[in-house]
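Peer 1: If you scroll down you'll find the structure; I have some questions about it.
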Amino acid sequence: GVQTCALPICFPVTITDGVVAVNQAGKITSYNQRFVDMFALSPEILVQPDCLLRLEFLSTQMISHEQFMTRSQGIISHPDQESYDLLELADGRVIERYSCPQKLDAQIIGRVWSFQDITARIQAEQGLEEQKTYLRLIIDSIPQQIFWKDTNLVFRGCNKNWAASAQLESPESVVGKTDYDLIKDAHLADIFRHHDLQIMSSNQPELHVIQRKLNPDRSGRSIWLDASKLERLS
């Protein structure tokens, strides 16, 4: 029968990867235990010489049977190419699948497949996106005007109120801009930038500074601000 053994791998793998190698005819030549456990494979499946039947068995674990079969057959039909895709399983797991030709000298003798369960990473990324969306809703709903810059004094974002005050089309349009893009007076922009650099270099916040806004409101009246600036440490 087929035995677990070391494989000549053509891409980086980790100890949590399931790995399997097949010959040109599609028969399994070697695999590791992680591959068996990942898909609950029986000895009968592992020794099955018909690769299409094995793919049919694996397809029953996927959300989309047809899509899995089409993609897999497409990969097999190009034995000289590398491949990468994501498998979405019916049990909620997401598995990253890599594949490349297995060569002996310059001759292709089969294919190596690597499978990595990235479900936890996907869930963490989704959770982070939800947190970012929630934070955006909060800062866009408060009456204060907020903006933030990176250490090069390039704007990385703002809320809707600040964007409207700066006469920007949207908060996203400030990303990548500097004070020179938003303030016509370059000398005044230099003053703002120097002040921001002082706060970052001293790591001392500046809180509740009362100052008059450069531009009046639409009726021409002066606007007074209670401004606070602080550095966020990474």
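Peer 1: Residue under question is S77, and the condition is that it be of a type outside the set (K, R), out of contact with any Lys or Arg (no Cβ under 7 Å at 6 or more places or on another chain), surrounded by fewer than 17 Cβ atoms within 10 Å (Cβ to Cβ) and under 17 Å from F39 (Cα atoms); does it hold?
Peer 2: It is false that S77 is of a type outside the set (K, R), out of contact with any Lys or Arg (no Cβ under 7 Å at 6 or more places or on another chain), surrounded by fewer than 17 Cβ atoms within 10 Å (Cβ to Cβ) and under 17 Å from F39 (Cα atoms).
One line per residue, one yes/no per condition, for (1) at pLDDT 95 or above; (2) of a type in the set (A, V, I, L, M); (3) at positive phi:
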residue: I63; (1), (2), (3): yes, yes, no
residue: L86; (1), (2), (3): yes, yes, no
residue: L135; (1), (2), (3): no, yes, no
residue: N159; (1), (2), (3): no, no, no
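Peer 1: Output the number of residues of the range 151-160 satisfying the condition of being in contact with a strand residue (DSSP E or B) (Cβ under 7 Å, 6 or more places away or on another chain) and either of a type in the set (A, V, I, L, M, F, W, C) or in contact (Cβ under 8 Å) with a residue 60 or more places away in the chain (or both).
Peer 2: So the answer is 2.
Peer 1: Among the candidates R71, R54, single out the residue that is basic (K, R) and open to solvent by 40 Å² or more (accessible area, probe 1.4 Å).
Peer 2: R71
Peer 1: Follow-up question, since we're still on this one. If you check N215 against the conditions, is it modelled with pLDDT under 85, under 32 Å from the mean Cα position of the chain (by Cα) and open to solvent by 60 Å² or more (accessible area, probe 1.4 Å)?
Peer 2: No.
Peer 1: Please list, ordered by first then second residue, the pairs with beta carbon atoms under 8 Å, 6 or more apart or interchain, first in the range 161-183 and of a type in the set (D, E, K, R), second modelled with pLDDT under 90 and open to solvent by 40 Å² or more (accessible area, probe 1.4 Å).
Peer 2: D179/F192
Peer 1: Which condition number in (1) open to solvent by 80 Å² or more (accessible area, probe 1.4 Å); (2) under 23 Å from T16 (Cβ atoms); (3) touching a helix residue (DSSP H, G or I) at 6+ places or on another chain (Cβ under 8 Å) is the one that D37 fails?
Peer 2: (3)
Peer 1: Given the range 89-207, what strands (runs of 3 or more DSSP E) lie entirely inside it while holding 2 or more residues that are open to solvent by 70 Å² or more (accessible area, probe 1.4 Å)?
Peer 2: 94-104, 147-149
The values are calculated or read from the model by the stated rules, or taken from the named source; none is laboratory data. All of these numbers come straight from a predicted model, not from anything done at the bench. Glycine also receives a Cβ, built like all others from the backbone with ideal geometry; neighbour counts cover every protein chain displayed. With ligands, DNA and RNA removed, areas are computed over all heavy atoms of the protein, side chains included. Shrake-Rupley method; radii C 1.70, N 1.55, O 1.52, S 1.80 Å.
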